[in-house]
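Read through the structure below, which is laid out as structure tokens, and then see the notes.
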Amino acid sequence: MSKTIRVTVWNEFRHEKKEGSEPAKLYPAGMHEVIAKHLSAQPGIEVRTATLDEPEHGLTEEVLANTDVLTWWGHIAHNEVSDEIVDRVHKRVVNGGMGFIALHSAHMAKPFRKLMGTTCMLKWREAGEKERLWLIDRAHPIAEGLPDYFELPQTEMYGEPFDVPQPDNLIFISWFAGGEVFRSGCCWHRGRGKIFYFRPGHESFPIYYNETVMKVITNGIRWAAPSGGPEFVQDWYAPIEKLD
Ligand code: ZN
């Protein structure tokens, strides 16, 4: 049995609007359009996009109620995301079972930090160095169809320690030419929802045109889709057996 997965691709969409900038050249219509285009071509996935500057950041109650998995890219405007929308996203994950995919600099996105409960800080360096991503958990659904490792010729470096709670599943570890390592693919459960953090995606390199990167994101979406488990009962509860 397979059910269509309704994905909302959310993007801050600010870097790409700076005329003449590298992100504008790489993603003239925005990163979200490139990601959405790839996802739309995958069987069983239905896509819409939402961006920061839309009313309610494009994440109305109605949009979220009809979203199975939300992907999130943000970097320079995390603080412009309203707390009301953050709470709405958080609730939809924890109570509603919506999957949440945090991409690259979304490690500092408000909804991700709220879901993690830690600072989510890390080391970084923008030197265009090579990254090698090693696949660690081969039994995990996200590993489907992936190679032993893959490389990105030019990336921004993220280094450990990455201040997140111990992941439930560690899918990838990255090595960088400068010597650092990083847990670049991590999974967590939060309430009824599933969260996948995936590191690649710096705005000045053509990362979201990379087939393997997009395969990982697609697999992550399929994994993070709601499981359909029962809703929480967190209230007074009648005894099932007759009590004396
Ligand atoms: Zn970056």
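The values are calculated or read from the model by the stated rules, or taken from the named source; none is laboratory data. Fair warning: this is a prediction, and the values are worked out from it, not measured in the lab. Note that each Cβ is placed from the backbone with ideal geometry, even for glycine, and that neighbours are counted across all protein chains shown.
Does at least one position in the range 122-134 carry a residue that is assigned to a helix (DSSP H, G or I) and either surrounded by 19 or more Cβ atoms within 10 Å (Cβ to Cβ) or more than 16 Å from the ligand (Cβ to nearest atom) (or both)?
There is no residue in the range 122-134 that is assigned to a helix (DSSP H, G or I) and either surrounded by 19 or more Cβ atoms within 10 Å (Cβ to Cβ) or more than 16 Å from the ligand (Cβ to nearest atom) (or both).
Matching residues to (1) within 16 Å of the ligand (Cβ to nearest atom); (2) touching an Asp or Glu at 6+ places or on another chain (Cβ under 6 Å); (3) in a loop (DSSP other than H, G, I, E, B):
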site: Gln154; (1), (2), (3): yes, no, no
site: Pro161; (1), (2), (3): no, no, yes
site: Pro165; (1), (2), (3): no, no, yes
site: Leu170; (1), (2), (3): no, no, no
site: Ser174; (1), (2), (3): yes, yes, no
site: Gly178; (1), (2), (3): yes, yes, yes
site: Ser184; (1), (2), (3): yes, no, no
site: Trp188; (1), (2), (3): no, yes, no
site: Glu203; (1), (2), (3): yes, no, yes
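Which residue pairs have Cβ atoms under 7 Å apart, sit 6 or more places apart or on different chains, and have a first residue in the range 24-43 that is over 14 Å from Val213 (Cβ atoms) and a second that is assigned to a loop (DSSP other than H, G, I, E, B)?
Ala24/Lys18; Gly30/Phe13; His32/Phe13
Which numbered condition in (1) away from the ligand (no atom under 16 Å from the Cβ); (2) more than 15 Å from the chain's Cα centre (by Cα); (3) within 19 Å of Leu115 (Cβ to Cβ) is the only one that Phe196 fails?
With respect to (1) away from the ligand (no atom under 16 Å from the Cβ); (2) more than 15 Å from the chain's Cα centre (by Cα); (3) within 19 Å of Leu115 (Cβ to Cβ), Phe196 is out only on (2).
When the range 78-94 is examined, which residues are found to be more than 11 Å from His57 (Cα to Cα) and either loosely packed, with under 14 Cβ neighbours inside 10 Å or not hydrophobic (A, V, I, L, M, F, W, C) (or both)?
Let us first name the residues in the range 78-94 that are more than 11 Å from His57 (Cα to Cα), namely 78-79, 83, 87-94.
Those that are more than 11 Å from His57 (Cα to Cα) and either loosely packed, with under 14 Cβ neighbours inside 10 Å or not hydrophobic (A, V, I, L, M, F, W, C) (or both): His78, Asn79, Asp83, Asp87, Arg88, His90, Lys91, Arg92.
List the number of the failed condition for His57; all other conditions in (1) buried (at least 19 other Cβ atoms within 10 Å of the Cβ); (2) out of contact with any strand residue (DSSP E or B) (no Cβ under 6 Å at 6 or more places or on another chain); (3) on the phi < 0 side of the Ramachandran plot hold.
For His57, the failing item is (3).
Out of Ile207, Ile221, Ile173, report the one residue that is surrounded by 23 or more Cβ atoms within 10 Å (Cβ to Cβ), farther than 22 Å from Asp68 by Cα, aliphatic (A, V, I, L, M) and modelled with pLDDT of 95 or more.
It is Ile207.
Can you spot a residue in the range 228-241 that is modelled with pLDDT of 95 or more, of a type outside the set (A, V, I, L, M, F, W, C), within 16 Å of the ligand (Cβ to nearest atom) and assigned to a loop (DSSP other than H, G, I, E, B)?
No, there is no match, as no residue in the range 228-241 is modelled with pLDDT of 95 or more, of a type outside the set (A, V, I, L, M, F, W, C), within 16 Å of the ligand (Cβ to nearest atom) and assigned to a loop (DSSP other than H, G, I, E, B).
Does Glu84 satisfy the criteria of being among the acidic types (Asp, Glu) and under 22 Å from Arg14 (Cβ atoms)? Walk me through how you get there before you give the answer.
Details: among the acidic types (Asp, Glu): yes; under 22 Å from Arg14 (Cβ atoms): yes.
Spelling it out, Glu84 is indeed among the acidic types (Asp, Glu) and under 22 Å from Arg14 (Cβ atoms).
Residues being within 24 Å of Ile207 (Cβ to Cβ) and touching a strand residue (DSSP E or B) at 6+ places or on another chain (Cβ under 6 Å): count how many of those fall in the range 84-129. Before the answer, list the steps.
Start the filter on the range 84-129 by keeping residues that are within 24 Å of Ile207 (Cβ to Cβ), which leaves 89, 99-113, 115-116, 120-129.
Within this subset, residues satisfying the condition of being touching a strand residue (DSSP E or B) at 6+ places or on another chain (Cβ under 6 Å) are 99-103, 106, 109, 112, 115, 122-126, 128-129.
The number of residues fulfilling the criteria is 16.
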